[in-house]
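Shown next, in structure tokens, is the structure this report addresses.
Derivation of every value follows stated rules applied to the coordinates shown; laboratory data play no part. Given the structure is predicted, the values throughout are model-derived calculations rather than measurements. Note: ideal-geometry Cβ built from the backbone for every residue, glycine included; neighbour counts use all protein chains shown.
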Amino acid sequence: MKIRTAKYIIRDGIVNIYKNKLMSLASISTVTASLLLFGVFLLIAVNLDYNTRALEQLPQMQVYCDYELDDFQVKQVEEAIKGNGRIAEYTMVTKKEAFEKLKELFEDDPSTLEGYDESFLPVSFIIKLVDATESNEVKAELESINGVDSVECPQKTVDIISRFGYWVKIVSGFLIALLVVISVFIISNTIKLTVFARRKEISIMKYIGATDWFIRWPFVVEGVIIGLVGALIAFALTSYGYGALEVKFNEELARSSLGFIKLIKASQINFAIVVLYAFLGGTVGAIGSVISMRKYLKV
Amino acid sequence: MVEFRNVTKRYDNGTLALQNVNIKIDKGEFVFIIGPSGSGKSTLIKLILKEEDPTEGEVYVNGYEVSALDRYEIPYLRRSLGVVFQDFRLLPNKTVYENVAFAMQITEALPKEIRRQVPMALALVGLSKKANVYPSQLSGGEQQRVALARALVNNPSLLVADEPTGNLDPETSMEIMRLLCEINHRGTTVIVATHEKTIVDAFKKRVIAIDKGIVVRDQQKGLYKDEDKNCQIYN
């Protein structure tokens, strides 16, 4: 293809969008609507994934010492934990750190903690196991250490949540795939309407000797531009809507007892979304154009 | 230039449109193809443009064996000839100038060439002043002249017109026909399919009459009705 032909084709595609304003608008809205729907499911899936991953990072066990232990005794407990081969890693939470956390928790109502200091809190250890299935044995071992008051094991909850997350991921993956197929169908149908409205034009071009690709290219350009514009609008709406939702939601969640759940930050996924939308919109537009033209090129 | 050898065309629904047609049209000729509606005129034109393929026999146009062309070669055949239709078939979204230029753009002609040729073609049909107007703003006769300019802009050696005056009033029809004659005088072979008696009688050119798919008359300087006893009859 010569450069002047490419220029002509691109210009013609753009001019056609403008001259068929109503159809272009309809197509753009379809792309936007489909991508928005797609985006909603995508965001749900991404957030679930993000949160189950975060939950899996939760401590597998927390060991609380008696709160009156002195530094030396705490050291002994630490040595015992260090010496346990079934423990992959551990972190110590000092009295001071524990109190800071408590203060954070009662941020809105500091008066609750008035008169208390860190001394009433125990030192604790957050522990990760080498193999999560051994939690019962390890728990028993840890409880037998001198100076250990109690061992908490939130592992079971995490298990349930991550199993739940796994199924939600599968279901939303399936829904996203379904939505992509439906979008292609709707969009190529809309483009089919554009093509149908111009079938006479296409046949005229064929009669005066235009090759199939010469006729097809402007439509492909048109489809791609429509797809990209639709994607851009969908992206603007998604990023604005999600951005607002994310801020609000995270504020609310942090205040509630569900503080460990967090929505992924809009700024973290904006780029991925814009690329994905543009790719989907553009490809669907191009494929839609080619598919819906086939019938009318046979003159 | 154009040759039909033992061409028979039977449509899928069983209609026998052409039956053993033998025609030879030489370079520079002006030929009327006449006959009532449904006689097979349009099928003949469609075979020249390879809109349809013959069931039997061969069709040759401008050195192409049309009946044996592959799908991807069709555009090149169509570029080698100019076509004019009863319903003009102009692109509604393009101006007069753009419509004519389009026929050159599809051949990937140089912009310089396009800027030179299009005004010339428009001048030939007397529409230089309407270059920037859209087809819907033109009269039927003017639209047909745009179609003619478009057909001629690539300097084809053959011009095919299918009922070019079918949608026009008698006066405008004559104008268009005179234009076709002038084009013919410049050396272009012209084939006109029509069922309008006045036109055929006025110009006295070669007449090929078709009836029920059979060539019933092929006569030089003929009239619409067969009054010459010495006419050549095929089959």
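Among B:Y224, B:Y76, sorting on how many other beta-carbon atoms sit within 10 Å of each Cβ, with the fewest leading, yields B:Y76, B:Y224.
Highest mean packing comes first when the peptides B:78-86, A:11-19 are listed by Cβ atoms within 10 Å, giving B:78-86, A:11-19.
Taking the DSSP beta bridges with both ends in chain B, the antiparallel portion is around 50 percent. Straightening the chain between A:S256 and A:R294 buys 8.0 nm, computed as 0.36 nm per residue apart minus the Cα-Cα spacing. Each residue in A:W213, A:W167 was given a count of other beta-carbon atoms within 10 angstrom of its own, and listing them fewest first yields A:W167, A:W213.
Under the membrane-span-like helix rule (DSSP H runs whose alpha carbons stretch at least 27 Å along the helix axis, mean Kyte-Doolittle hydropathy 0.5 or higher), chain A yields A:21-56, A:155-197, A:212-255, A:266-293. The mean count of C-beta atoms from other chains within 10 Å of the C-beta of residues in B:74-83, rounded to a whole number, is 4. Cα-Cα over 27 Å: which of A:K21/A:K200; A:K19/B:K41; B:K130/B:K225; A:K101/A:K169; A:K7/A:K206? With Cα atoms farther than 27 Å apart: A:K19/B:K41; B:K130/B:K225; A:K101/A:K169.
Phi angles across segment B:76-85 convert, under the Karplus curve 6.51 cos²θ - 1.76 cosθ + 1.60 with θ = phi - 60°, into 3J(HN,Hα) values of 6, 4, 5, 5, 7, 9, x, 10, 10, 10 Hz, Gly and Pro given as x.
Legend: mean number of C-beta atoms from other chains within 10 angstrom of residue C-beta atoms, peptide A:205-218, equals 6.
Report the net charge of residues surrounding B:A121, where surrounding means a beta-carbon distance below 11 angstrom and charges are Lys +1, Arg +1, Asp -1, Glu -1. That works out to +3.
Helical content of chain A, expressed as a calculated mean residue ellipticity at 222 nm, amounts to -24500 deg cm²/dmol (DSSP H runs of 4 or more residues, -39,500 (n - 2.57) each, divided by residue number, nearest 500). For A:Y64, neighbours were defined as the other residues whose beta-carbon sits under 10 Å from its Cβ, and their charges (Lys and Arg +1, Asp and Glu -1) total -3.
If packing is taken as the mean number of other Cβ atoms within 10 Å per residue, what is the order of B:165-174, A:112-121, highest first?
Descending packing order for the listed peptides: B:165-174, A:112-121.
For chain B, the mean residue ellipticity at 222 nm estimated from helices alone is -9500 deg cm²/dmol, where every DSSP H run of n ≥ 4 contributes -39500 (n - 2.57) and the total is divided by all residues, rounded to the nearest 500. Using equal-weight Cα scatterers in the Debye expression, the normalised intensity of the protein assembly as shown in log10 at q = 0.07, 0.09, 0.11 Å⁻¹ is -0.61, -0.78, -1.00. Please give the helix B:96-105 orientation as an angle from the longest Cα principal axis of chain B, in degrees from 0 to 90, rounded to the nearest 10. So the helix axis and the longest Cα principal axis differ by about 70 degrees.
Using every Cα-Cα pair within segment A:61-152, state what percent have a distance larger than 23 Å.
30 percent
Each peptide in A:266-275, B:155-164, B:60-69 gets a packing score, the mean of other Cβ atoms within 10 Å over its residues, and the list from highest to lowest is B:155-164, B:60-69, A:266-275. Of all DSSP beta bridges confined to the protein assembly as shown, the antiparallel ones make up roughly 65%. Rounded to whole numbers, the Karplus 3J(HN,Hα) couplings from phi for segment B:107-120 are 8, 6, 6, 5, x, 4, 4, 4, 5, 8, 6, 4, x, 5 Hz, using 6.51 cos²θ - 1.76 cosθ + 1.60 with θ = phi - 60°, and x at Gly and Pro.
Entry for chain A at q = 0.11 Å⁻¹: log10 I(q)/I(0) = -0.79, Debye formula applied to identical alpha-carbon scatterers, no solvent contribution. Quick one: helix B:140-152 against the long Cα principal axis of chain B, what's the angle to the nearest 10°, folded into 0 to 90? Its long axis makes an angle of about 90 degrees. Taking every residue in B:85-94 and counting other chain Cβ atoms within 10 Å of its Cβ, the average works out to 4.
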